[in-house]
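Enquirer: This is the structure, below, for whatever I ask next.
The values are calculated or read from the model by the stated rules, or taken from the named source; none is laboratory data. Source: prediction; values computed, not measured. Cβ sites come from the backbone with ideal geometry, for glycine too, and all protein chains shown count toward neighbours. Ligands, DNA and RNA are excluded from the accessible area calculation, which covers all protein heavy atoms including side chains. Shrake-Rupley method; radii C 1.70, N 1.55, O 1.52, S 1.80 Å.
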Amino acid sequence: MLCSLLSFHALWAVVVLIVVKLYNTMTAGICRSQKQLNGKTAIVTGANTGIGKETALDLARRGAKVILACRDLKNGKIACDEIIARSNNSKVEVRHLDLSSLASVRKFAKDIISTETHLEILVNNAGAGGLGEKRTADGLQIGMQVNHFSPFLLTCLLVGLLKKSAPSRIVMVSSLVHKYAKFDLDNLNSEKWFNDIQVYNCSKLANILVANELSRKLSGTGVTVNSLHPGVVGTDIMRRMPRFIYYIAKFMISLIFKNPEQGAQTSIYLAVSEDVEGVSGKYFSDCKEATVAKDALDVGLAKKLWEKSEVLVGLKAEEMDL
């Protein structure tokens, strides 16, 4: 009797998983733009794996020169070779970028500015969860630095080149979890308390706030800035979590949610689609505009976040063209 009951519930669990998987597959947004990017240059951070790799592959297939900004050059080279082979585009290269180091961000940006005459697309894709409480050599909480402070600095350093190359686009990969952020500017760098999950949630809200504030600063320049939720995707973003939790989460996600190619669609859409030409300061999911948390629309909060972030990363006025 007990075995039959367990089998019945197991069967229903499988049915539910299949239904959820089919629903997510059928409702997932797809970038249908056929736009070609010959002569254009794009940067994708965290492009050696997951949705970053799929985004870079798509841009390469459209003819763009694609720069893979990766912390791990070995894996970055493997991804680069694969993208070249699959896209039949030799204009793909990997350059070192470690978001846990502001010096690395500045070095990367300096290298781009000195070697590239134009930059039409910047996709701030790289992110990580479960990095723990430690601080970097810059004195910043590592999760917030990787997900917010370094992408903020990188974008500010490259904005002059993006303006020079207009029309150009900045894409910030955020997450639905920004809606669950307990955001406190006085705790932006975990000055008062630390919670790993909240660091991630708050960093994703910060991505949207920065995108919105930057879109206001760049109004009329031909540079658009938008943010997005890629969906819950079966990537390795939580690879630094405890092994047991990581493998359970990865297994469940692979059963139910998007694969990296599906997860990359909204990033690609915002980078290339004619539908969003001139659209800026918006948040998207499944290739359409989506609702955000109330805090994400707070102009005053965005301005204060921007100002505090400038101080914490040591950004100087002469380093950016705003």
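Enquirer: Any residue in segment 309-322 that is open to solvent by 80 Å² or more (accessible area, probe 1.4 Å) sitting within a Cβ distance under 8 Å of a residue that is of a type outside the set (Asp, Glu)? List the pairs, counting only those 6 or more apart or interchain.
Expert: Cβ pairs passing all conditions: 322/156; 322/159; 322/217; 322/218.
Enquirer: Within the set of pairs 6+ apart or on separate chains, which have a first residue in segment 194-223 that is under 12 Å from residue 147 (Cβ atoms), a second that is in a helix (DSSP H, G or I) and of a type in the set (Ser, Thr, Tyr), and C-beta atoms under 6 Å apart?
Expert: Close Cβ pairs (under 6 Å, with a partner that is in a helix (DSSP H, G or I) and of a type in the set (Ser, Thr, Tyr)) amount to 201/180.
Enquirer: If you don't mind, there's one more thing I want to ask. Could you tell me which residue of segment 193-250 is most open to solvent (accessible area, probe 1.4 Å), considering only residues that are under 24 Å from residue 287 (Cβ atoms), at pLDDT 65 or above and β-branched (Val, Ile, Thr)?
Expert: This residue is 232.
Enquirer: Failed condition for residue 130, given (1) more than 13 Å from residue 42 (Cα to Cα); (2) outside any loop (DSSP other than H, G, I, E, B); (3) touching an Asp or Glu at 6+ places or on another chain (Cβ under 9 Å); (4) open to solvent by less than 60 Å² (accessible area, probe 1.4 Å), with all others met?
Expert: (2)
Enquirer: With the requirement that a residue be modelled with pLDDT of 95 or more, under 27 Å from residue 39 (Cβ atoms) and in a helix (DSSP H, G or I), what does segment 254-307 give you?
Expert: Correct list: 265, 266, 267, 268, 269, 270, 271, 272, 274, 275, 276.
Enquirer: A further question on this structure: Kindly indicate the residue of segment 74-84 that is free of Cβ contacts under 8 Å to residues at least 24 places away in the same chain and open to solvent by 80 Å² or more (accessible area, probe 1.4 Å) and also nearest to residue 164 (Cα to Cα) among those meeting that condition.
Expert: Filtering first and then ranking leaves 77.
Enquirer: Name the single residue, out of those in segment 158-186 being outside any loop (DSSP other than H, G, I, E, B) and without any contact (Cβ under 8 Å) to a residue 24 or more places away in the chain, that is nearest to residue 266 (Cα to Cα). So that I can check it myself, show each step before the final result.
Expert: At the first step, the residues of segment 158-186 found to be outside any loop (DSSP other than H, G, I, E, B) are 158-164, 168-173, 176-180, 185-186.
Of the ones still in play, those that are also without any contact (Cβ under 8 Å) to a residue 24 or more places away in the chain are 180, 186.
Values: 180: 21, 186: 32 Å.
Taking the candidates together, the pick is 180.
Enquirer: Return the residues of segment 283-309 that are in contact with a Phe, Trp or Tyr (Cβ under 7 Å, 6 or more places away or on another chain) and of a type in the set (Ser, Thr, Tyr); say none if nothing qualifies.
Expert: Passing the criteria: only 309.
Enquirer: If we keep just the residues of segment 48-65 that are crowded, with 22+ Cβ neighbours inside 10 Å and among the basic types (Lys, Arg), which is farthest from residue 80 (Cα to Cα)?
Expert: Result: 65.
Enquirer: I would also like to ask the following. With the requirement that a residue be open to solvent by less than 20 Å² (accessible area, probe 1.4 Å) and part of a helix (DSSP H, G or I), what does segment 88-123 give you?
Expert: 102, 104, 105, 108, 109, 112
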